[in-house]
Amino acid sequence: MAYKDIRTLMAQLEERGLLHHIKQEIDWDGELPAIMRHLYKQGPDGPAVLFEKVKDSSIPFLSGIMYGDEKYSMLFDTEPNIRAIADHYHENFHNYIKPVIVDKAPCQENIIQGDDVDLWMFPSPKFSPEDGGRYIGTQNVTITADPDTGIQNCAIYRQMVINKNRIGVNCEQHSGIHLAKNREKGLPTPFAAVMSPPPAVMVAAAGKPPFGVDELELAGGLAGEPIPVVKCITNDLLVPADAEAILEGYILPNSDDWDLEGPFGEFHGHHNDMVPKKRPTAVITCITHRNDPIMLGTPPGVGPNELTYSGKIEYAAANLAILQAAGIPGVKAVNVTEMSGGCQVCVVQLTGKPFYRGIPQACMYALFSHNNFPKFVVVVDDDIDLYDDGMVQWAIAHRVQPHRDIIITPFNSWGCALDPSIPFAHRGHPYSTTSRMGIDATKYFKDDVVFSSLVRDTPEMEAHVKEIWKDLGF
Ligand SMILES: Cc1cc2nc3c(=O)[nH]c(=O)nc-3n(C[C@H](O)[C@H](O)[C@H](O)COP(=O)(O)O)c2cc1C
């Protein structure tokens, strides 16, 4: 395991034949994302893609670096299977390593300030025909700092180009708290968008450590060494030194000054608003970038895709940490299903017969009470492979009586502001509420119900069939 930046990762992908170069000019307006979506349809084992020439820009565009076991495993040099990848993320979820400040940084090899700032230099795609604009940030890491403690927050929030020096930022979760604190005092919020960050920073920023944890420290834990950071040129935020580019600036305090942003075709496959809305707007005071920078981004959509794959790893680690912190005995493992956008359906596996009644329900309430995801929790026994969605469905079908084993909470818990199923009147930051559902698909403590062992052949009969297999003409 070693710290790496995007260039190191690209070289490794290249070595393994997992980086496909497209040399012909590709249009940012729909064509680039359509190529990626077509590639995703062919399964998770395809290459990442470097679009060397995107229309209207001299900057290449990289996409697909985290989709599937093999490519994701290269971020941290783990074994290329989902269990090893999930274990690595989870084992390091509390392993915080502080970043190290450097004076000279590749991301500041070039400095563009004032009137020279022109965000149109980047090949930002329009990801779907109904999108309200070109999105410069689908994997950019937003950095803000808590005005009370100085602790920074890193998160991935979508970012739309408004004009040459303004972007709309869907800044709602932890950085939204920083923004709210500053706005109360009428103050701007110092802002940095980290473009093509080191992979550890990107997956830490998409992850869900508690408010008050600087994800750069989680990134250090995941990478196994401190993340080098440098102070921005026009504000005091610390940003990853080896990123490809940094957009520095501040978010305007007064919502009257904000611009319209969206709609945006989201990770769940819908446009969560059909009309543009005023959203936090960042004025960009400075662009710094490496020589020959590379832009990183990824098309959202129904999935499976890069977002749903990486989401399930990051949210599974966070959810397991919540259950462990709650001290619920007998929790073995957690998965988040990829087709739930990598966030909305969480499967919890127990180690065996619970020590007492109510443990599946304790898991559900612990998860319902922490984050805005998951909306659904399914608890299964250790005879169900929690990475096998088919077996999870099987457990639901055959071990559940809806009237007895399903909990539906009132419509009052923190919901995902982007969830397209939430009525409009209750959707959007900071109002989003949701109901949640827990399904106890375990076998135990179900009144007088006794499940027999699973239908299977005896080991002797299995051995016998193997022995005669060829004689049977297979
Ligand atoms: C590509 C991508 C785009 C995302 N866009 C948003 C977004 O626009 N708004 C949002 O609140 N979360 C978004 N998320 C999810 C957040 O990054 C994630 O919930 C993260 O934990 C938020 O960090 P925070 O808890 O520090 O706020 C996105 C995630 C990814 C991977």
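Among beta bridges identified by DSSP and lying wholly in the chain, the antiparallel ones come to about 75 percent.
Only helices at least 24 Å long along their own axis, judged from Cα atoms, and with Kyte-Doolittle mean hydropathy of 0.5 or greater: name those in the chain from DSSP H. Spell out each step's value before the answer.
Details: long enough: 306-325 (29 Å, 0.35).
Span-like helices in the chain: none at all.
Close amide H pairs (under 5 Å, H built 1.01 Å from N) link V378 with C346, V347, V348, I439, residues at least 5 positions away or on another chain.
Please compute the length gained on full extension between I101 and H429, using 0.36 nm multiplied by the number of residues separating them and subtracting their Cα-Cα distance.
On the way: separation 328, 0.36 × 328 = 118.08 nm, distance 3.41 nm.
So the chain would gain 114.7 nm between I101 and H429.
The residues packed around V400, meaning those with a beta-carbon under 11 Å from its beta-carbon, carry a net charge of +2 if Lys and Arg are +1 and Asp and Glu are -1.
Can you tell me the dipole magnitude for region 435-474 around its Cα centre, using point charges on the Cβ only (Lys, Arg +1; Asp, Glu -1), in Debye to the nearest 20? Spell out each step's value before the answer.
Working: 6 positive and 8 negative charges, 54 e Å.
For region 435-474, the charge dipole is close to 260 debye.
Need the C-alpha centroid separation for region 385-401 versus region 233-307, integer Å. First find each Cα centre; the distance between them is then 39 Å.
Using C-alpha pairs below 8 Å separated by at least 6 residues, the relative contact order for region 174-278 is 29 percent. Only Cα pairs under 8 Å and 6+ residues apart enter the sum, and on that basis the relative contact order of region 69-212 stands at 20 percent. Which one, A219, L238, G297, projects farthest toward the positive side of the charge dipole computed for region 216-351 from Cβ point charges (K/R +1, D/E -1)? Working it through, the farthest residue towards the positive pole turns out to be A219.
Percent antiparallel among DSSP beta bridges with both residues in region 306-440, to the nearest 5? Spell out each step's value before the answer.
Numbers: 10 of 19 bridges.
Antiparallel: roughly 55 percent of the beta bridges in region 306-440.
When a/c is below 1.5 the answer is rounded, else prolate if a/b is larger than b/c, else oblate, so apply that to region 121-247 with a ≥ b ≥ c taken from the square roots of the Cα gyration tensor eigenvalues. Oblate is the answer for region 121-247, as a/c is 1.5 or above yet b/c matches or exceeds a/b.
The ellipsoid equivalent to the alpha-carbon distribution of region 306-440 has semi-axes of 23, 16, 15 angstrom, derived from the gyration tensor eigenvalues as √(5λ) and listed largest first.
Candidates I313, H174, Q24 compared by Cα position along the dipole of the chain: farthest toward the positive end lies H174, with charges placed on Cβ. Selection among V449, V379, T433 by position relative to the dipole of region 338-474 gives T433 as farthest towards the positive end (Cβ unit charges, Cα centre).
How many percent of the alpha carbon pairs in the chain exceed a separation of 30 Å?
Working: 52798 of 112101 pairs.
Summing the P(r) of the chain above 30 Å gives 47 percent of all pairs.
Between T351 and D115, the simple label model (points 7 Å from Cα in the Cβ direction) yields a spacing of 6.9 nm. A quarter of the convex hull surface defined by the alpha-carbon atoms of region 284-373 gives 8.8 nm² as the mean projection.
The mean sequence separation of alpha-carbon pairs under 8 Å and at least six residues apart, normalised by the residue count of the chain, gives a relative contact order of 14 percent.
Go through 162-173, 449-460, 323-334 and give me the packing order, highest mean Cβ count within 10 Å leading. List each step's numbers first, then the result.
Values: 162-173: 22.0, 449-460: 8.1, 323-334: 16.8.
Ranked from most to least packed, the peptides come out as 162-173, 323-334, 449-460.
Take the eigenvalues of the Cα gyration tensor for region 152-224, scale each by 5, and report the square roots as semi-axes in whole Å, largest first.
For region 152-224, the semi-axes come out at 23, 17, 9 Å.
Hey, got the dipole for the chain? About the Cα centre, +1 on K and R Cβ, -1 on D and E Cβ, debye to the nearest 20? It would help to have the intermediate numbers written out before the result.
On the way: 40 positive and 61 negative charges, 196 e Å.
My answer is approximately 940 debye.
On full extension, the segment bounded by D87 and K332 gains 87.0 nm, given 0.36 nm per residue less the C-alpha separation. Each part reduced to its alpha carbon centroid, region 58-103 and region 1-44 end up 16 Å apart.
Helix-only estimate, please: 222 nm mean residue ellipticity of the chain, summing -39500 (n - 2.57) across DSSP H runs of length 4 or more and dividing by its residues, to the nearest 500.
On the way: 12 runs with 124 residues, N = 474.
Computed mean residue ellipticity for the chain: -8000 deg cm²/dmol.
Residues of region 51-66 falling in the label zone of K23, defined by backbone nitrogen less than 20 Å from a point 7 Å along Cα to beta-carbon, are 51-63.
Equivalent ellipsoid of region 25-148: semi-axes from √(5λ) of the C-alpha gyration tensor, largest first, are 28, 26, 14 Å.
Arranged from fewest to most other beta-carbon atoms within 10 Å of their beta carbon, K41, K375 become K41, K375. Extending 7 Å from Cα along the Cβ direction at S452 and again at K185 yields two label points whose distance is 7.0 nm.
Each reported figure results from applying straightforward, stated rules to the coordinates on display, with no laboratory input. Remember, predicted model here, so these are calculated numbers, not experimental data. Ideal geometry is used to build each Cβ from the backbone, glycine not excepted, and the neighbour counts take in all protein chains shown.
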